[in-house]
Amino acid sequence: MTASQALARKWRPKDFAKLVGQEHIVKALVNSIEQNRLHHAYLFTGTRGIGKTTIARILAKALNCELGPTTTPCGKCTACQSIDRGNFVDLIELDAASNTQVDAMRELLDNTQYAPVAARYKVYLIDEVHMLSKSAFNAMLKTLEEPPEHIKFILATTDPQKIPVTVLSRCLQFNLKQIPASLIVTRLSEILAAEEVSADATALKLLAKAAKGSLRDALSLLDQAIVFSNAAIDEKNMRAMLGALDQDYLFALLEALAKHDGSALFTVVDQLETAGASFDQILQDLAALLHQLAMVQILPQMFADEQPETSRLLAVAQLFTPEDIQLFYQIVLHGRSDLDYAPDEYSGFTMTLMRMLAFIPHTQHVVEAGQTASAVISSPEIKSESSDRPAVPRQIKENSTPNTAWLALVDQLPLKGMTKMLAQYSEAKYFSTDKIELCVAETHKHLLDKTYQGKLKSQLESHFGKPIEINFSLGGVAGMTPAAQLERNKQEKQSQAVDAIESDPYIRELVDQFDAKLNISSIKPIN
């Protein structure tokens, strides 16, 4: 690796083929060049570090290459090499952030009447164009309205909303996307291989996440990582360099919340404070984890069973209702915004956690206000005689129906993750200790992955202590799956809890005297 040259400069793409994550822009530019439909003004918009000026310079090469205009500039002619070095006389670059006044723009535009010195087109590249003053925009507009044939404008900005509509309407506008973390990881891996530097996959994922869609930022972080880790980039070093939090802490916080264990919660807080973690960053990471948990609950098929974190995500997701996750997410977001107003970050962070702990529904029975009065009470806990799982004998009876036997068996197997979901959403059509035939509804066909089928078969054979034939089919089910039975039990418990609250004498008195109304959705039965 050349020590004097930053990776972001050394590995900056020099042609369209090497651009990462902006295929929609490349396709449009390539088509316009191949069809000889060139515009006089291009506007590239998007966040910093995603390739706006890089694409602008490649376009300038494509227009002025001795073989061009061409979609594949040679990189060897005088024009290509001068543009790469940054000293091409007919590529005029202006940073509008430091040249906002009309005089600078007029001086630049006065030269548009002159033909290129050594190129096909004179290209004006104006970065952060939104920073120009109103007068400077007006001066530019006159040239944009009637541009000379030998002039091309390439404008770049992170804030297109500040550009006058009169200017926008005269430009061909392209919106660059933030680069997905997966593409950043792939690119970093390619560069590290060329630089002969080792790195583990988790470390690269941390770098990509910290870059927030900017490949330039990712390469700058990679430069720092190589120095920080002495060219052996691993997860531990990257977490230390970035101040990134170990996911174990976040899971521990949520598990303590699920148990209503304030002592365990503050034990984790003390560990975080000792580690010198940023409480603002912890809340940010916690919000990201809560988003993942919400996705797991709604679209579990999106998470590969083989990923190391998936089993723990699935386990924690089952500790909370979707409403809990949504509530926690909002509390965390508000907690972040309130940190600046807290006495100190520790107080603000711990108050956010205590708010989450306070709002976990042990048994919430809230009376909403009527027109004349309101009341909020803490009612007695309602215990349901039914359980979340079907009550089944430990031994499966010989005369059991296929589904009764299957419900009992699923309750006994130590299943987890997507394999557990396959079992729960399967309905038994035939059951014996030698052969089981299961049917899965069309809506859950994603569960019929061979990997999950194989894992379920292994668990069954381990349970029975012998080989067993298991067959799956796709079709209609009669609502006798373990998942359906769990939902019925849940609804039964919910109904019992609502009935108990509605018949409570104290509740009835409040409703009668204050015209209050029960918030039925807030009533939660205890386990």
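Things to note:
- As a proxy for reagent exposure, His130, His334 were ordered by neighbouring Cβ count within 10 angstrom, fewest first; the result is His334, His130.
- Beta bridge orientation in the chain: antiparallel %, DSSP, nearest 5: 20
- The protection proxy used here, the mean number of other Cβ atoms lying within 10 Å of each residue, ranks peptides 313-323, 206-216 as follows, highest first: 206-216, 313-323.
- Relative compactness, the range 7-175, computed as alpha-carbon Rg over 2.2 N^0.38 Å: 0.97
- Over the chain, volume per residue of the alpha carbon convex hull, in Å³: 247
- Rg/Rh ratio calculated on Cα atoms of the range 93-193 (Kirkwood radius): 1.09
- 20 °C / 1.002 mPa s Stokes-Einstein diffusion coefficient of the range 181-242, Kirkwood radius on C-alpha pairs, µm²/s: 195
- Computed from point charges on the beta carbon alone (+1 for Lys and Arg, -1 for Asp and Glu), the dipole magnitude for the range 247-359 about its Cα centre is near 260 Debye.
- Enclosed volume per residue, in Å³, of the convex hull spanned by Cα atoms of the range 247-359: 94
- Sites listed here are GluC sites (Glu not before Pro) in the range 128-197 whose DSSP assignment is loop and whose Cβ has at most 11 other Cβ atoms within 10 Å: Glu149, Glu196.
Coordinate-derived values only; no laboratory data. Please read these numbers as outputs of a predicted model, since none were measured by experiment. Cβ sites come from the backbone with ideal geometry, for glycine too, and all protein chains shown count toward neighbours.
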